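The values are calculated or read from the model by the stated rules, or taken from the named source; none is laboratory data. Keep in mind the model is a prediction, meaning the values are calculated, not measured. Ideal geometry is used to build each Cβ from the backbone, glycine not excepted, and the neighbour counts take in all protein chains shown. Side chains are part of the model used for accessible areas, which takes the heavy atoms of the whole protein and leaves out ligands, DNA and RNA. Shrake-Rupley method; radii C 1.70, N 1.55, O 1.52, S 1.80 Å.
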Amino acid sequence: MSDSLQHREQGLSFEITARSGTARVGKLHTAHGVFETPVFMPVGTNANVKLMRVDQLKEIGVQILLGNSYHLAVKPGLDVIKLHRGLHGFMGWNGGILTDSGGFQVFSLKELRQIDDDGVMIKSPVDGSKLFLTPEFSIDIQKTLNSDIVMVLDHCPSPNDSYEEAVRSLKRTQYWAERSLKHGVNSWQLLFAIAQGGVYEDLRRLSAQKLSELPFSGFAIGGLSLGEEFEKTLRLASVTLESLPEEKPRYFMGGGSPELIAHLVEMGVDMFDSVFPTRLARHGAALTFRGRLNIRSARYKNDLKPIEEECDCTVCRNHSRSYIHHLFDRGEVLGGILLTHHNLRFMMRFMQRLRDSIANGTFSEYKKEVIDSYVKGEGDGLCSDIAGDALSR
Ligand SMILES: [Zn+2]
């Protein structure tokens, strides 16, 4: 029996190996490997991380990625996934996969859904087909996808929702979490609950406390980084974290800017996902430790330097800023491919540095360095990523 399987059978899917204040380094044991945390998970909504092959994801150090139950249940449909014995086989990916429950689509397709305590009827924006998503059906989809980490269906309120609406979604989220737990996942899958509570501190605390009483393998913080003020995101995340069990993994859903991640890792968040690095790349923005570069800018036309001197990625070893600028200027798809590769490698290097700094006791200094250099660095004025984060899932 593999070590990982033994760990999970003993209910020990997560171990903390180093700490610095409330920040921690850990190991998450799943059916497709052991992942070091804090970890960043690229988003692969339609069974692909846009513009990246799976062998390239492996090459740059991606351990686990995110798939989306709702989108995959609509297209290609579960019958096709079954033919491949799950999402790993379908994608040709043997690393970890976390699947979202569809809860976020419930939130983002506001005009196309009807919601009650039983579940949610969603009309597909792709083909108009209707799908009635219940907590149990969401789990069944994720069992068919055979992901390593299954998320419960939740009801994510909008940051503009009233206190009463936030209470209603909190109660529904709790009820759905209990139903999900009762329904159960495959023995090799981990089931995570999602704390909600809108923009209200007392509701955030209450949601986290109530869910913590249940035997989930991990807990997510949902419904943040949706356009509320940065300081508010941090405060609400902090309140939630204080009420979650310390020994279980904590996942902040949909936050990807280096600044946000550095703050949340300090508070003890272990897992992140966001379309932030890949979406920026397709729009011509490169992430570096000195800030964000808009490679479309004419200032890079004759710039022979790589995107980032210190980066070990194949793009930085072989191509100049000038070349990538030219590709974007001509509307060539390769420009987005090259920047996506670099940006994801940047995220992997960033997370590795965070883990190393926690393990060797230099986290506080490193966090300050990230904030100083990334936010106030020599990037070309696009360094505030808060707006980017609002679009991040
Ligand atoms: Zn690079």
Please report, as a whole percent, how much of the solvent-accessible surface of segment 196-344 comes from carbon and sulfur atoms (probe radius 1.4 Å).
46
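Which entries of Lys50/Lys210; Lys50/Lys232; Lys82/Lys210; Lys75/Lys143 show an alpha-carbon separation above 28 angstrom in the structure shown?
On the way: Lys50/Lys210 37 Å; Lys50/Lys232 31 Å; Lys82/Lys210 35 Å; Lys75/Lys143 17 Å.
Pairs exceeding the cut-off: Lys50/Lys210; Lys50/Lys232; Lys82/Lys210.
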What accessible area, in Å² to the nearest ten, does a 1.4 Å probe give for Lys75?
120
Which order do you get for His326, His32 if you rank them by accessible area with a 1.4 Å probe, largest at the top?
His326, His32
State, as an integer percentage, the relative contact order of segment 76-146 based on alpha-carbon contacts under 8 Å between residues 6 or more apart.
36
Normalised per residue, the volume of the convex hull around the Cα set of segment 232-345 (Å³)
113
Excluding ligands and nucleic acids, what accessible area in Å² is computed for Phe104 using a 1.4 Å probe, to the nearest 10?
30
Once the whole set of protein chains is in place, how much accessible area is left on Lys50, using a 1.4 Å probe, in Å² to the nearest 10?
90
Sites matching GluC sites (Glu not before Pro) across segment 287-369 that sit in DSSP coil, with at most 16 neighbouring C-beta atoms within 10 Å
Glu309, Glu310, Glu332
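What relative contact order, as a whole-number percentage, does segment 10-154 give when Cα pairs under 8 Å and 6 or more residues apart are counted?
Details: 236 pairs, mean separation 30.5, N = 145.
Normalised by residue count, the contact order of segment 10-154 is 21 percent.
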Using modelled amide H (1.01 Å from N, peptide plane; none on Pro or chain starts), what sits under 5 Å from the amide H of Met41, excluding residues fewer than 5 places away?
Phe272, Asp273, Ser274
With θ set to phi - 60°, apply the Karplus curve 6.51 cos²θ - 1.76 cosθ + 1.60 along segment 258-263 and write out the HN-Hα couplings as whole Hz, x wherever there is a Gly or Pro.
x, 5, 4, 4, 4, 5
Top mean-square fluctuation among Ile64, Ile194, Ile141, Gaussian network model of the chain, C-alpha springs under 10 Å?
Ile141
How high is the relative contact order of the chain, in percent, with contacts defined as C-alpha pairs under 8 Å that are six or more residues apart?
16
Quotient of Cα Rg and 2.2 N^0.38 Å for the chain, N being how many residues it contains
0.95
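Sorted by accessible area (1.4 Å probe), largest first, how do Trp188, Trp176 line up?
Details: Trp188 105, Trp176 0 Å².
Of Trp188, Trp176, the descending order of accessible area is Trp188, Trp176.
Determine how many Å³ per residue the convex hull of the Cα atoms of segment 280-390 encloses.
Values: hull volume 11.1 nm³, N = 111.
About 100 Å³ per residue, rounded to a whole number.
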What does the helix-only formula give at 222 nm for the chain: each DSSP H stretch with n ≥ 4 adding -39500 (n - 2.57), the total divided by the residues, and the result rounded to the nearest 500 deg cm²/dmol?
-12000 deg cm²/dmol
Using a 1.4 angstrom probe on the protein heavy atoms only, could you order Leu83, Leu241 from most to least accessible area?
Leu83, Leu241
The chain accessible area per residue, 1.4 Å probe, protein heavy atoms, integer Å², reads 41
